[in-house]
1. Take A:Asp137 and decide whether it is surrounded by fewer than 22 Cβ atoms within 10 Å (Cβ to Cβ) and not in a strand (DSSP E or B).
2. Within region B:2-38, which residues are surrounded by fewer than 19 Cβ atoms within 10 Å (Cβ to Cβ) and either within 24 Å of A:Gly197 (Cβ to Cβ) or touching an Asp or Glu at 6+ places or on another chain (Cβ under 6 Å) (or both)?
3. Only residues that are part of a helix (DSSP H, G or I) and touching a Lys or Arg at 6+ places or on another chain (Cβ under 7 Å): list them for region B:65-93, please.
4. Name the pairs: first residue in region B:126-147 and without any contact (Cβ under 8 Å) to a residue 24 or more places away in the chain, second residue aromatic (Phe, Trp, Tyr), Cβ to Cβ under 6 Å, at least 6 apart or on different chains?
5. Given the structure, is A:Arg154 out of contact with any Ser or Thr (no Cβ under 7 Å at 6 or more places or on another chain) and among the charged types (D, E, K, R)?
6. Checking the conditions here, which among A:Val151, A:Val237, A:Val221 is β-branched (Val, Ile, Thr), crowded, with 21+ Cβ neighbours inside 10 Å and in contact with a helix residue (DSSP H, G or I) (Cβ under 8 Å, 6 or more places away or on another chain)?
7. Name the residue that is nearest to A:Ser128 (Cα to Cα), counting only residues in region A:55-75 that are in a loop (DSSP other than H, G, I, E, B), in contact with a strand residue (DSSP E or B) (Cβ under 7 Å, 6 or more places away or on another chain) and among the aliphatic types (A, V, I, L, M).
Amino acid sequence: MTVTETAPTPGAGLRAAARIVAAPDGRGGTALPVLEGAGPFALRRPRSYGHEARVALVGAMSAPLGGDRLALTADVGAGAALCFTTTAATIALPGRTGAPATYDTRLTVGDGGSLRWLPEPLISARGSDLRQSTRADLAATACLVLREEQVLGRAGETTGRLTTRLTVRRAGRPLLDQELAYGPGAPGGWDGGAVLGGHRAAGQLVVVHPGFEGSPVAPRVLGPLAALAPLAGPGAVVSVVAPDALALRRLLDSALSQLNAVIRAF
Amino acid sequence: MSTLSAALLVLADGRFPAGGHAHSGGAEAAVKAGRITDGASLESFCRGRLHTAGLTAAGLAAAAAAGLDPLGLDAAADARTPSPALRAAARRLGRQLTRAARAAWPSPDLDALAAARPRGAHQPVVLGLVARAAGLGPLAAAYAAAYEAVSGPATAVVRLLSLDPFEATAVLARLAPEMDDVAARAAEAALRAFDEGLDALPAGSAPLLDITAEQHAAWPVRLFAT
């Protein structure tokens, strides 16, 4: 692991980046020619399963704090397979200055490549202000499984402010683009009956696979607060709103196993 | 662009025959789930819808009115509408608006979009092109979309809950300053989209609207289409 850019800017917070590159190893598996992270990003390599390389992000310090600028990049080359997890939830915390933190994740997957991006939830702690963005650029025959979860406040706590944008593009065309904004200072109505209805956890599961091109998944109601929907392209999204992180994960896990079964059958 | 024009009143009028009256904008499902029960919860519902789906629609409408490529905007609208029930409704409404607008403000741009998307383009994109044909600018188009985002649910709830129409109108009046803000942000984003591409357009999303739209579409009996 090499130190990339950790530059403590006076008064501003931390700047840190991590980068993962996955490529076929020439023996039917996936190699990780680049695996570097600094500051809060400590990347570990659990044993890989068959074709797929695995990377786990271990939170090495408290981040993001207000004012921090974090960037995480993963490039999965053509024919490579990567699974990314984190060992714990990411907790957005207030900083000293009240400045917002940013956390930008950039993912690319080449043709025939596969990325499973399954981090633990993001928890927006009271007083924090985080602007998060995740952008995945997929080649036409790439496969993506991506989960994002937002938990508003730690147990018994009011939420911080969180803005998070999720963009998935495939073959240069937009497949999914959505921004969620919650908490004090967010545009009004975020807690009302159109957006969260008083719930404190929300999550999205996006699955993109070329197999959906010919046989799109049918829309499915997964409960009063969860739905599986085909995108306008070879993908599906599961949207869930839940009272807490546990209920949220239970619904997303059940949807994930249903979709995994569909993908395996392609 | 900032010139007042009566054409905006004609376009945004609830009696404009473009089929909007058949849609509650998610309010019917929210009433059934007990999330809208009175004027206060209607206001909070409408406020959330305005700043999410409303802002997104206003951005698309402003961008179309500003002259950005309607087919690119139609794809951007698809990506911003994860619910298939809402994509279908948006295209149906786009088709109905096209039909009415071809009589009101004939335009070759509108004809070209209708030819490229015979089953209907997303309504906000059509709305922007219609505004352009009516001599309105991006800000006016954004106003029409923002107003529609809240007037539909407010009117529907009068019928669904027998809410006092004075109260529903008061909700809309209280939201007016926020509609001003949403329209201004949408028009500003549309101008940025010229330089930065369509990613500069708002993508505000409301999870409950998306989730309940799928459930509502499966109801055997309902008063409104969405």
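The values are calculated or read from the model by the stated rules, or taken from the named source; none is laboratory data. Fair warning: this is a prediction, and the values are worked out from it, not measured in the lab. Cβ: placed from backbone, ideal geometry, glycine included. Neighbour counts: every protein chain shown.
1. Against the criterion (surrounded by fewer than 22 Cβ atoms within 10 Å (Cβ to Cβ) and not in a strand (DSSP E or B)), A:Asp137 does not qualify.
2. Within region B:2-38, B:Lys32, B:Ala33, B:Gly34, B:Thr37, B:Asp38 meet the criteria.
3. If the condition is that a residue be part of a helix (DSSP H, G or I) and touching a Lys or Arg at 6+ places or on another chain (Cβ under 7 Å), then B:Ala65, B:Asp74, B:Ala75, B:Asp78, B:Arg91 are the ones that fit.
4. none
5. yes
6. Exactly one residue qualifies, and that residue is A:Val151.
7. Across region A:55-75, the extreme among qualifying residues is A:Ala63.
Condition check ((1) farther than 28 Å from A:Val262 by Cβ; (2) within 19 Å of the chain's Cα centre (by Cα)) across all residues:
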residue	(1), (2)
A:Leu144	no, yes
A:Glu149	no, yes
A:Glu157	yes, no
A:Leu166	no, yes
A:Gly172	no, no
A:Leu175	no, yes
A:Gly183	yes, no
A:Val208	no, yes
A:Pro219	no, no
